[in-house]
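As structure tokens, the structure follows; a few thoughts come after it.
The values are calculated or read from the model by the stated rules, or taken from the named source; none is laboratory data. Here the structure is a predicted model, which is why all the values come from computation and not from measurement. Using ideal geometry, Cβ is built from the backbone for each residue, glycine included, and neighbour counts are taken over all protein chains shown.
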């Protein structure tokens, strides 16, 4: 399931391979949180690969799912991940609880936080233009500096390749932070396109591409 984990990690900044760099937030992003953004409906996949099995699928009922292929040339699996959306000042955000990622990746509790919170949250900013989706992760290095400089409340732990940032505050404070601080990466690292396919059609196209890919 590595490919699906990697894709959702890019979206939610949940974890990284070869070292962990993460920022978790104590509270969700404001009070006006929605469970659906209809602009997400459809299959979102890598624009440069026809045999990459990992994708995001949002169905007609707005269920957010990661598509992944446990075995090459095998069937596509759907993993539901509860996702929330926030729209503020003309910008769009996704919010996901760390507890919602249990079906994809094993996440330890927020590093060094005592008592351990029941849940914490990941944010990302997104932009949809027609059939193109760009997602910007939180810049953990930048957020860590804001914490160290006392501009936002939280904690920072850095050891080797690992960086753990925990931002404290209420829902109102979280919204204030995204409005007043530059916490997201300047350049999107996640760019996906909407495929004009059903899940079955996507599965068959991926399998066909895998079987016909030059060795």
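Among the residues of the stretch 115-142, those identified as over 19 Å from residue 191 (Cα atoms) and buried (at least 20 other Cβ atoms within 10 Å of the Cβ) are 120, 121, 140.
Filter the stretch 158-176 for residues that are touching a helix residue (DSSP H, G or I) at 6+ places or on another chain (Cβ under 9 Å) and either buried (at least 20 other Cβ atoms within 10 Å of the Cβ) or modelled with pLDDT under 95 (or both); which is nearest to residue 29 (Cα to Cα)? Only one residue fits best here, namely 167. Within the stretch 31-47, residues that are without any contact (Cβ under 8 Å) to a residue 24 or more places away in the chain sit with their Cβ atoms under 9 Å from residues that are in a loop (DSSP other than H, G, I, E, B), at 6+ positions apart or across chains, in these pairs: 41/59; 41/60; 41/62. Only one of the numbered conditions (1) assigned to a loop (DSSP other than H, G, I, E, B); (2) surrounded by 12 or more Cβ atoms within 10 Å (Cβ to Cβ); (3) free of Cβ contacts under 8 Å to residues at least 12 places away in the same chain is violated by residue 145, and that is (1). Listed here are the strands (runs of 3 or more DSSP E) enclosed by the stretch 54-120 that have at least 1 residues being in contact (Cβ under 8 Å) with a residue 60 or more places away in the chain, touching a helix residue (DSSP H, G or I) at 6+ places or on another chain (Cβ under 9 Å) and under 15 Å from residue 25 (Cβ atoms): 84-88, 91-97.
Being modelled with pLDDT of 85 or more and within 21 Å of residue 170 (Cβ to Cβ) is true for just one of 31, 37. Which residue is that? Among 31, 37, only 31 is modelled with pLDDT of 85 or more and within 21 Å of residue 170 (Cβ to Cβ).
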